[in-house]
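The values are calculated or read from the model by the stated rules, or taken from the named source; none is laboratory data. Since we're looking at a predicted model, the values are computed, not measured. As a convention, Cβ positions derive from the backbone with ideal geometry for all residues, glycine included, and neighbour counts pool all protein chains shown.
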Amino acid sequence: MTVHDLFALDEIEAGTARKIDLQGHEIALVRIENDVYALGDTCSHADVSLSEGFVEEDECAIECSRHGALFDLKSGEPLSLPAIRPVPVYAVTVTDGRVHLTIEDVPEESQ
């Protein structure tokens, strides 16, 4: 696994999302209070960027801007239709005011 030091926590406003491209992964980072969550940026229902969606802080979820599918930030599971498949989630830690994201390395023979 590879841990990436992304940026300072204060570089992402609470209640917002941001898209990053990292090692071929498009990832939506979402900040709620002092926690940051990371999930695959593409809605599993339609090819839409989740980072352009609406952060639902009370539900710890993000809503797709196109059709309103809601995704749990902790599990990636859809919480509402029309999405029925989860999106991937990634491990995020905040240490000493810095956001770190972990990506599992794919074995060479799997690529």
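Per-residue answers, yes or no, for (1) under 22 Å from E104 (Cα atoms); (2) at pLDDT 95 or above; (3) in a strand (DSSP E or B):
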position	(1), (2), (3)
V30	yes, yes, yes
H67	no, no, no
S75	yes, yes, no
S80	no, yes, no
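Which members of the range 5-19 meet the condition of being in a strand (DSSP E or B) and either aromatic (F, W, Y) or touching a residue at least 40 places away in the same chain (Cβ under 8 Å) (or both)?
D5, L6, F7, A8, A17
Would you pick out the residues in the range 24-62 that are without any contact (Cβ under 8 Å) to a residue 12 or more places away in the chain and more than 19 Å from E11 (Cα to Cα)?
Matches in the range 24-62: G24, D47, D58.
Looking at D41, D58, D35, which is the one that is modelled with pLDDT of 95 or more and exposed (fewer than 14 other Cβ atoms within 10 Å of the Cβ)?
When all the criteria are applied, what remains is D58.
Out of the range 61-102, which residues are surrounded by fewer than 18 Cβ atoms within 10 Å (Cβ to Cβ) and either touching a helix residue (DSSP H, G or I) at 6+ places or on another chain (Cβ under 8 Å) or among the β-branched types (V, I, T) (or both)?
S65, L79, I84, T93, V94, T95, G97, R98, T102, listed by residue number.
Among the residues of the range 84-111, count how many are at pLDDT below 95 and in contact with a Leu (Cβ under 9 Å, 6 or more places away or on another chain).
1
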